[in-house]
Amino acid sequence: MAKRKFPLLAGAALVAAGGLAAFLLLRPRTPDFGRLRGGRDYNVILITVDTLRADRVGCYGAARVATPTMDAFAARGIRYEHAISQTPLTLPSHTTIMTGTLPVFHGVRDNGGFIVPSELVTMAEAFKAKGYDTAAFVAAYVLDSKWGLNQGFDTYFDKFDLSRFEKISLGEVQRPANEVIDEALSWIDKKKDGKFFAWIHLYDPHTPYAPPEPFKSEYPNSPYLGEIAFTDTQLARLWDHLGSSGLRDNLFLVFASDHGESLGEHGETTHGFFVYQAALHVPLIIVTPFPGLQGVTSAETVGLVDVMPTVCEMAGIPVPAEVQGRSLVPSFFAPGAAADRLAYSETFYPRYHFGWSDLQSVQDGRFKLILAPVPELYDLDRDPGEENNLVYLEKKVFEDLSARAGVLMEEAGRNALEVDLKKVDEETREKLAALGYVGSFTNSSKLKGQKLANPKDKIGVFNALSKARETGMDGNFDEAVRTIEAIIKEDPTIADAHFSLGNIFSKARRFKEAIEAFKKSLELKPDDSFAVINIANSYQAMGRLDEAEKYVLDFMAKGFDDSQLFFLLGNLMVHQNETDKAVSYFEKCLTGNSRSASAHNALAAIYLNRESGGDLSRAEEHLSAASAINSTLLSLRYNMAQLREKQNRLAEAADLYLQEIQDSPKSYKAIFNLSRVYRLMGREDEEFDALQKTIEAEPEFPIAYFYLARIHIRRGQNFEEAIALTKKGIDLKPAPADLPLGYFLLADLYNRVGDIVQSEEYARKGQAAAAAAAARAKN
């Protein structure tokens with residue numbers, strides 16, 4: 001049963017006094033901005049640039065990078081000098097931006113494995129409720145719709161294809177800014193005559209740093225700056241288009257980053273592990289068309305949690321009741337005049353991935369406290385690099401901030417939402433596990449009460465393990481194994497080290513060693529279904545499918561009854577062609593998770609491919625159920641296209657295959673099936689083109705060569721090329737059922753070129769192969 005959304009209020013939620021009240025202060029609405037707006041509906045564009053630290057932007061003091069567009073935003077708006085991210089991780093931070101709540105309340109603590117709670121009202125939902133068209137254009141898989149931030153968006157441009165990756169870090173599945181801006185501009189042009197809310201997310205400053213030319217050459221020693229400069233040029237495209245379209249005069253634009261980037265400070269090379277300023281201090285600029293609100297700078301400490309209530313007040317939209325940030329609209333007219341307040345930040349990355357302590361911090365504009373096994377206190381005015389820990393020298397400040405931090409976290413966490421770590425669909429979890437993603441799908445509550453290691457003492461281990469992962473997955477197996485085994489020898493309790501070792505052994509096809517490593521990881525994380533998936537996959541790769549099934553069943557018998565594992569068992573049975581057992585397992589998956597779109601989709605595939613044409617009515621039933629739950633599920637459209645093809649609804653089938661190919665350009669099976677539909681529709685030129693694209697996507701797919709040769713035969717031309725194609729297909733060792741076609745094609749072709757001896761030889765081979773295939777099918 002769906003939980004009720006929080007109601008909307010005319011202002012931000014009233015909160016208790018104390019530390020939280022200082023952070024979540026509610027102010028009376030000022031009449032000034034309402035007067036400026038004059039009751040009109042303004043369009044709103046929210047731009048978030050991932051991993052952009054404030055001090056690498058020109059208007060924030062950076063001299064070595066060109067950011068004229070970002071600087072123009074500041075010249076035309078209100079720039080906040082001290083905007084703080086609430087967490088240095090993409091999905092949790094954007095959840096805070098979009099819902100106006102702190103991570104301690106919304107519960108999204110990491111990328112991957114966490115779903116934005118449906119109970120929260122997102123910014124998009126607030127605008128949609130007021131009749132706005134809503135759209136999001138995201139550049140990274142960590143913000144894919146499956147993680148839940150699509151709530152309230154009419155259009156959500158994600159479409160990330162995991163099938164093209166051999167290894168995976170969630171942060172590396174991305175698209176460049178120019179592609180995102182292309183999509184956004186196209187949508188804006190269609191909606192410019194109405195009112196709209198658009199979120200544009202750009203990811204280029206995130207690792208790996210690979211700026212295109214000329215930025216690669218202009219910033220040879222700092223590719224991070226090159227990425228920022230490139231991003232700025234894409235923002236210029238957007239800004240110029242808004243100007244030429246006449247949309248700037250009716251627009252509120254908010255520009256921010258979700259978090260910064262540690263470029264080696266404190267030993268951290270990227271972000272997520274620590275809560276130092278390099279990863280927390282972000283740009284925040286609010287642009288309006290009102291001349292009196294241009295070139296304003298505010299020195300007060302604010303948080304990304306304040307973005308949602310600010311945007312809502314600007315647009316005259318009620319603020320959801322659960323919002324914990326506060327509107328910054330009053331500061332537009334009195335910058336820096338806000339009462340003293342705390343900005344809260346956290347990272348749970350060390351805890352979820354390594355079993356080390358999580359970190360929290362609070363800062364008030366001058367002093368910053370980091371709550372860690374060894375607390376840290378910094379005077380940011382005198383020590384912006386956070387080098388001198390004053391926790392023992394400024395006892396009164398430490399005690400005061402500690403007390404206020406305690407109140408803040410207690411108040412913010414009251415009635416906190418519980419995040420179900422199993423809401424990610426089974427197909428995605430299995431794909432991520434197989435690609436080597438180390439996720440946070442396990443519950444770390446068992447760490448409560450234990451003395452956890454200080455991440456600051458473990459940064460060397462973290463860096464070494466991170467480097468070893470990349471080294472191993474890039475093919476340098478021996479070096480990676482040596483490094484990780486040394487880490488394990490020093491600290492055998494790091495589950496992710498064992499897991500990473502298993503990934504590397506698996507990549508090296510050393511499956512026996514991979515199984516042992518995954519089993520050791522599982523001993524440390526007994527509820528980690530990813531490890532179980534990879535153990536089963538390793539057994540399967542060794543051809544030991546019975547052992548894979550037995551291992552999973554034995555694991556589940558210990559009390560780990562997970563719908564994911566029934567889904568895994570179903571797939572194992574599909575590979576063994578035991579479809580009845582597969583159906584049973586997929587149905588058990590649905591018993592444990594009635595909203596498993598993956599299980600419905602898998603059942604549909606089985607019913608589609610049963611003998612005598614399949615059970616199309618049951619296939620359609622399950623495909624409809626899957627689509628109602630998750631219309632973006634991997635391979636859903638592919639199966640729906642197969643269904644329409646079998647129903648002889650060929651135009652619909654072709655359209656569905658084209659949609660699948662658009663989202664997954666390397667889906668050679670979808671491209672090949674499209675060629676078949678074109679053949680059935682008599683569209684030979686398009687069939688030929690699709691077959692060529694099939695071979696481009698998968699050069700070792702034999703049957704595509706055969707059908708290309710058939711087209712040459714039908715056209716009565718290029719027989720020598722057709723012979724070469726057919727022989728290539730045979731050399732690729734096609735399935736026994738397909739091999740006769742290759743031989744018969746060669747028999748026909750050699751007959752056409754006058755080589756009767758060869759023709760008769762291949763005809764005999766075709767007859768023998770056909771007989772063997774028939775006998776095999778009978779058995």
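With r defined as the distance between the Cβ atoms of Asp580 and Asp689 and R0 fixed at 41 Å, what FRET efficiency is calculated, to the nearest 0.05? Present the calculation step by step, with values, prior to reporting the outcome.
On the way: r = 40 Å, r/R0 = 0.97.
Computed FRET efficiency for Asp580 and Asp689 comes out at 0.55.
If you roll a 1.4 Å probe over the heavy atoms of the protein chains, what accessible area per residue do you get for the chain, in Å²?
Computed with neighbouring chains in place, this is 40 Å² per residue.
Taking +1 at the Cβ of each Lys and Arg and -1 at the Cβ of each Asp and Glu, which of Asn673, Ala697, Gly716 sits farthest along the dipole of the range 642-779 towards its positive end, judged by Cα position relative to the Cα centre?
So the residue we want is Asn673.
Need one value: the accessible area of Ser631 in square angstrom, 1.4 angstrom probe, rounded to the nearest 10.
70 Å²
Below 9 angstrom from the Cβ of Arg341, what's the summed charge of the other residues (Lys, Arg +1; Asp, Glu -1)?
It works out to a net charge of -2.
Please sort through the DSSP H helices of the chain and keep those with an alpha-carbon extent of at least 15 Å along the long axis and a Kyte-Doolittle average not below 1.0.
Both cut-offs are met by 563-575, 597-608.
What is the local net charge at Thr87, summed over the other residues whose Cβ is closer than 12 Å to its Cβ (Lys, Arg +1; Asp, Glu -1)?
-3
Over the range 581-656, what relative contact order in percent results from Cα pairs under 8 Å that are six or more residues apart?
Relative contact order here is 25 percent.
Relative contact order for the range 344-421: what percent, with Cα pairs under 8 Å and sequence separation of 6 or more?
16 percent
In debye to the nearest 20, how big a dipole does the chain give about its Cα centre with +1 on each Lys and Arg Cβ and -1 on each Asp and Glu Cβ? Numbers along the way, then the final one.
On the way: 87 positive and 105 negative charges, 244 e Å.
The calculated dipole for the chain is roughly 1180 debye.
Report, to the nearest whole %, how much of the accessible area of the range 618-730 belongs to carbon and sulfur atoms, 1.4 Å probe, protein only.
Roughly 46 percent, rounded to a whole number.
Restricting attention to the range 640-673, which trypsin sites (Lys or Arg not before Pro) occupy a DSSP loop and are surrounded by at most 10 other Cβ atoms within 10 Å?
Qualifying residues, ordered by number: none.
Less than 15 Å Cβ to Cβ from Ala62, Lys/Arg counted +1 and Asp/Glu -1: what total charge do the surrounding residues give?
The answer is -3.
Going out from 0 in 10 Å bins, what whole percent of all Cα-Cα distances in the chain drops into each bin?
3, 12, 21, 23, 19, 12, 6, 3, 1, 0
Expressed as a rounded percentage, what relative contact order does the chain have, with Cα pairs under 8 Å and six or more residues apart?
Relative CO of the chain lands at 13 percent.
What percentage of the solvent-accessible surface of the range 485-564, computed with a 1.4 Å probe over protein heavy atoms, is contributed by carbon and sulfur atoms?
50 percent
Using heavy-atom solvent-accessible surface (probe 1.4 Å) with all chains present, what is the largest-first order of Lys693, Lys558, Lys525, Lys191?
Working: Lys693 100, Lys558 150, Lys525 20, Lys191 65 Å².
Correct descending sequence by accessible area is Lys558, Lys693, Lys191, Lys525.
What part of the accessible area of the range 310-411, given as a whole %, is carbon or sulfur when the probe is 1.4 angstrom?
52 percent
In the range 540-623, what GluC sites (Glu not before Pro) fall in a loop by DSSP, with at most 14 other Cβ atoms inside 10 Å?
Taking the range 540-623 and a limit of 14 other Cβ atoms within 10 Å, the loop GluC sites (Glu not before Pro) found are Glu611.
The values are calculated or read from the model by the stated rules, or taken from the named source; none is laboratory data. Bear in mind the structure is a predicted one, so any value in this text is a computation, not a measurement. Ideal geometry is used to build each Cβ from the backbone, glycine not excepted, and the neighbour counts take in all protein chains shown. Ligands, DNA and RNA are excluded from the accessible area calculation, which covers all protein heavy atoms including side chains. Shrake-Rupley method; radii C 1.70, N 1.55, O 1.52, S 1.80 Å.
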